[in-house]
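*Asks:* Following this message is one structure expressed as structure tokens.
The values are calculated or read from the model by the stated rules, or taken from the named source; none is laboratory data. None of these values were measured; they are calculated from a predicted model. Here the Cβ positions follow ideal geometry from the backbone for every residue, glycine too, while neighbour counts run over all protein chains shown.
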Amino acid sequence: MKTLSVSESQKIAEKYGLKFAKSHTITTHEELEKALSHFEFPIAMKIVSKKITHKSDAGGVKINIKSAKTAKTVFSEMKKLKGFEGILIQEMIRGTEIIIGGKRDVQFGPTVLVGLGGIYVEVFKDFQIGICPIKKRDAHNMIKELKAYPILKGIRGKKGINIKALEETIIKVSRMMQKEKNIEELDLNPVIATEKEIIAVDARIITQ
């Protein structure tokens with residue numbers, strides 16, 4: 001098994017029409033300064049490392065960074081972490097965090113998972129799994145069966161997410177799991193869902 005880097009994983013996912021947040025990978029202070037001129041604050045910074053699975057727990061994720069001074073401090077801190085390969089600078093997107101995953105099951109073949117994302121994945125375990133190929137109706141039913149569906153749809157005056165765009169994203173992941181037969185596991189967590197679109201901010205693919 002081989003774990004691909006975020007950029008390698010992203011390239012494969014983009015072939016199937018998945019959208020990602022604007023990002024840039026840097027390895028030095030000089031590259032950081034150049035990259036910051038292309039971003040508006042606030043930004044997020046994430047360590048690039050194949051050895052670190054739970055980046056947040058390791059101190060490898062910082063969000064809502066509002067100045068170049070803070071960004072430089074964060075860079076210096078992350079560079080000390082074991083397994084450091086670089087840092088991903090990313091635009092901040094506000095919305096509802098979703099997880100979308102894929103797994104090649106021994107019995108059922110390629111499957112796709114969708115659920116509440118971010119740090120709540122392991123707490124609430126609110127997700128649904130579909131067997132590929134996943135059609136529009138299948139994707140809709142997967143979303144509708146989530147406990148968080150009322151929140152996703154919009155509740156108490158709060159606008160919901162673009163359900164149709166989420167359905168389309170699930171279908172794209174299904175297509176990817178079917179065609180990219182060397183993919184064993186796929187993890188898009190989080191995916192930010194807004195009333196307009198679905199944007200992935202992190203990707204991890206494990207291949208055979």
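*Asks:* Tell me the strands (runs of 3 or more DSSP E) entirely within the range 19-98 that contain at least 2 residues that are closer than 27 Å to residue 194 by Cα and among the β-branched types (Val, Ile, Thr). Break it down into steps so the answer makes sense when it comes.
*Replies:* Details: elements: 23-26, 43-48, 61-65, 86-91.
Where strands (runs of 3 or more DSSP E) fall fully within the range 19-98 and carry at least 2 residues being closer than 27 Å to residue 194 by Cα and among the β-branched types (Val, Ile, Thr), they are 43-48, 61-65, 86-91.
*Asks:* Taking into account only those residues within the range 107-133 that are more than 20 Å from residue 167 (Cβ to Cβ) and touching a residue at least 40 places away in the same chain (Cβ under 8 Å), which is surrounded by the most Cβ atoms within 10 Å (Cβ to Cβ)? Spell out the reasoning first.
*Replies:* Of the range 107-133, the ones more than 20 Å from residue 167 (Cβ to Cβ) are 107-109, 118-125.
Filter again for touching a residue at least 40 places away in the same chain (Cβ under 8 Å), leaving 118-119, 121.
Numbers: 118: 15, 119: 11, 121: 20.
If we take residues in the range 107-133 being more than 20 Å from residue 167 (Cβ to Cβ) and touching a residue at least 40 places away in the same chain (Cβ under 8 Å), then 121 is surrounded by the most Cβ atoms within 10 Å (Cβ to Cβ).
*Asks:* Just to be sure before I move on: is residue 52 within 23 Å of residue 24 (Cβ to Cβ), crowded, with 18+ Cβ neighbours inside 10 Å and in contact with a Phe, Trp or Tyr (Cβ under 7 Å, 6 or more places away or on another chain) in the structure I sent?
*Replies:* Working: within 23 Å of residue 24 (Cβ to Cβ): yes; crowded, with 18+ Cβ neighbours inside 10 Å: yes; in contact with a Phe, Trp or Tyr (Cβ under 7 Å, 6 or more places away or on another chain): no.
No.
*Asks:* Just wondering, is there one or more residues in the range 95-105 that are within 23 Å of residue 58 (Cβ to Cβ), surrounded by fewer than 17 Cβ atoms within 10 Å (Cβ to Cβ) and hydrophobic (A, V, I, L, M, F, W, C)?
*Replies:* no
*Asks:* Still on this structure: Can you confirm whether residue 77 is under 24 Å from residue 189 (Cβ atoms), modelled with pLDDT of 95 or more and more than 22 Å from the chain's Cα centre (by Cα)?
*Replies:* Values: under 24 Å from residue 189 (Cβ atoms): yes; modelled with pLDDT of 95 or more: yes; more than 22 Å from the chain's Cα centre (by Cα): yes.
So residue 77 passes the test.
*Asks:* Take the range 94-104 and flag every residue that is under 24 Å from residue 185 (Cβ atoms) and either out of contact with any Asp or Glu (no Cβ under 8 Å at 6 or more places or on another chain) or among the charged types (D, E, K, R) (or both).
*Replies:* First, pick out the residues of the range 94-104 that are under 24 Å from residue 185 (Cβ atoms): 96-104.
Of everything in the range 94-104, those that are under 24 Å from residue 185 (Cβ atoms) and either out of contact with any Asp or Glu (no Cβ under 8 Å at 6 or more places or on another chain) or among the charged types (D, E, K, R) (or both) turn out to be 96, 97, 98, 100, 103, 104.
*Asks:* So which residues in the range 31-70 are out of contact with any helix residue (DSSP H, G or I) (no Cβ under 6 Å at 6 or more places or on another chain) and hydrophobic (A, V, I, L, M, F, W, C), if there are any at all?
*Replies:* Correct list: 35, 39, 41, 43, 44, 48, 52, 58, 61, 63.
*Asks:* While we're looking at this one, here's another question. Among the residues of the range 165-188, which ones are in a strand (DSSP E or B) and either free of Cβ contacts under 8 Å to residues at least 12 places away in the same chain or surrounded by 21 or more Cβ atoms within 10 Å (Cβ to Cβ) (or both)? Outline the logic, then answer.
*Replies:* At the first step, the residues of the range 165-188 found to be in a strand (DSSP E or B) are 183-188.
Result: 183, 186, 188.
*Asks:* Let me ask something additional. Please go through the range 189-204 and give me each residue that is at pLDDT 95 or above and either within 8 Å of the chain's Cα centre (by Cα) or surrounded by 20 or more Cβ atoms within 10 Å (Cβ to Cβ) (or both), ordered by number.
*Replies:* 191, 192, 193, 198, 199, 200
*Asks:* Looking only at the range 10-34, count every residue that is under 15 Å from the mean Cα position of the chain (by Cα) and without any contact (Cβ under 8 Å) to a residue 24 or more places away in the chain and tell me the total.
*Replies:* Number satisfying all stated conditions: 2.
*Asks:* To continue, here is another question. Would you tally the residues in the range 142-164 being free of Cβ contacts under 8 Å to residues at least 24 places away in the same chain, over 16 Å from residue 194 (Cβ atoms) and within 20 Å of the chain's Cα centre (by Cα)?
*Replies:* Looking only at that region, the number is 1.
*Asks:* Hey, could you check the range 10-49 for residues that are touching a Ser or Thr at 6+ places or on another chain (Cβ under 7 Å) and modelled with pLDDT of 95 or more and say which is surrounded by the fewest Cβ atoms within 10 Å (Cβ to Cβ)?
*Replies:* Taking the range 10-49 and keeping what is touching a Ser or Thr at 6+ places or on another chain (Cβ under 7 Å), we get 18, 25, 41, 48.
Next, only the ones that are modelled with pLDDT of 95 or more stay: 18, 41.
Details: 18: 21, 41: 14.
Ranking the candidates gives 41 first.
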